[in-house]
Amino acid sequence: MKVPAEAESLFTPRNFAAFLLVSLIWGGTWLVIRDQIASVPASWSISYRFMVAALGMFALAALRREPLHLGRGGLRWAVLLGLFQFTLNFGFVYNAEDYITSGLVAVMFALLVVPNAIFGRIFLGQPITGAFVLGSAIAALGVALLFAHEWRSSPATLEDVLLGAALTVGGILSASAANITQAMDGAKKQPFLALLAWSMAVGVAINTAYALAIDGPPQFDPRRSYTLGILYLGLAGSVVTFPLYYGLVRKVGAGQAAYSSVIVPIVAMVLSTLFEGFEWGPLPAAGAVITLVGMVVAMRGRASAPPRRATPEP
């Protein structure tokens with residue numbers, strides 16, 4: 001007879017170090033994106049990012065001696081993920097930062113758990129708790145306060161702020177569709193790193209075709225900061241973080257791993273304050289605190305343990 005082993009704790013040194021590294025890296029990506037779109041069309045910057053990321057992911061899979069080919073039906077899942085995650089999601093996000101600050105986009109993205117829960121209920125039959133609904137409502141109020149501040153303090157018009165918000169919502173919905181796709185049985189049967197690598201390659205193909213059609217021949221900024229930004233986003237922001245994050249999901253569960261959604265916007269807002277001139281006051285401070293408290297309440301309502309490994313009974 002076998003009995004389940006206890007799930008690991010997020011606060012063991014190894015798991016917590018991985019959690020902090022993922023949160024800090026992802027928190028820094030939002031500001032780097034801002035620089036990427038300053039001189040090069042977003043479509044080309046996204047293409048360059050995932051060229052680097054796809055090559056890095058293939059190299060990581062080879063280094064770990066994991067399969068590089070997909071199983072039966074794998075190409076279909078790679079196309080879906082490439083479209084939702086690495087084309088639509090990032091296309092919306094990059095363009096949103098033309099209208100609102102990177103920190104605000106990051107805070108909005110903390111609400112990703114809301115469509116995740118709704119789509120999960122529809123497509124995967126996952127329950128939605130009362131605590132989750134309450135926390136989501138609290139977080140939505142906090143985001144509304146942040147947008148009120150953005151409109152009042154920014155030289156951008158109300159139409160620009162609303163457009164930035166709409167683009168961010170498009171990115172959130174696309175990312176959520178990708179998350180649900182990855183949770184489906186057909187996608188879960190594929191080698192994880194190979195699926196990510198091929199999905200990124202599909203994203204490169206779609207983004208490059210779009211860039212050629214809409215923005216013309218390839219454009220590249222010769223500034224050193226632009227090149228380093230591409231490498232940071234492609235390698236640190238994708239190749240390093242995805243395996244670490246999904247490793248945490250397997251060890252401590254999706255609920256605890258998702259607490260990165262609270263840390264990431266804090267890091268992003270600090271960087272936005274330092275480098276984008278985001279000004280704090282009672283309204284944005286209250287909005288940020290309310291949003292993060294709401295996300296903690298919501299995620300506690302969604303927290304679940306990972307599948308437990310079976311161990312022999314002594």
### Query
Is region 208-215 home to any residue that is surrounded by fewer than 22 Cβ atoms within 10 Å (Cβ to Cβ), of a type in the set (S, T, N, Q), touching a residue at least 24 places away in the same chain (Cβ under 8 Å) and within 27 Å of Val107 (Cα to Cα)?
no
## Note on the structure
When (1) open to solvent by 10 Å² or more (accessible area, probe 1.4 Å); (2) under 30 Å from Trp151 (Cβ atoms) are applied to Ser102, the one that fails is (1)
### Task
Filter region 175-201 down to the residues that are buried (at least 22 other Cβ atoms within 10 Å of the Cβ) and at pLDDT 90 or above, then identify the one that is nearest to Gly73 (Cα to Cα).
Gln190
### Every residue from region 233-250 that is among the aromatic types (Phe, Trp, Tyr) and surrounded by 18 or more Cβ atoms within 10 Å (Cβ to Cβ)
Phe242, Tyr245
### Message
Here is a list: Arg76, Arg121, Arg72. Which entry is of a type outside the set (Val, Ile, Thr), at pLDDT 85 or above, in a helix (DSSP H, G or I) and out of contact with any Ser or Thr (no Cβ under 6 Å at 6 or more places or on another chain)?
### Response
Arg76
### Summary
Ala144 meets each of (1) open to solvent by 60 Å² or more (accessible area, probe 1.4 Å); (2) under 23 Å from Val297 (Cβ atoms); (3) assigned to a helix (DSSP H, G or I) with one exception, condition (1)
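The values are calculated or read from the model by the stated rules, or taken from the named source; none is laboratory data. Everything numeric in this text was worked out from a predicted model, so none of it was measured. Because the Cβ atoms are built from the backbone with ideal geometry, glycine has one as well, and the counts that use them run over all protein chains shown. Ligands, DNA and RNA are excluded from the accessible area calculation, which covers all protein heavy atoms including side chains. Shrake-Rupley method; radii C 1.70, N 1.55, O 1.52, S 1.80 Å.
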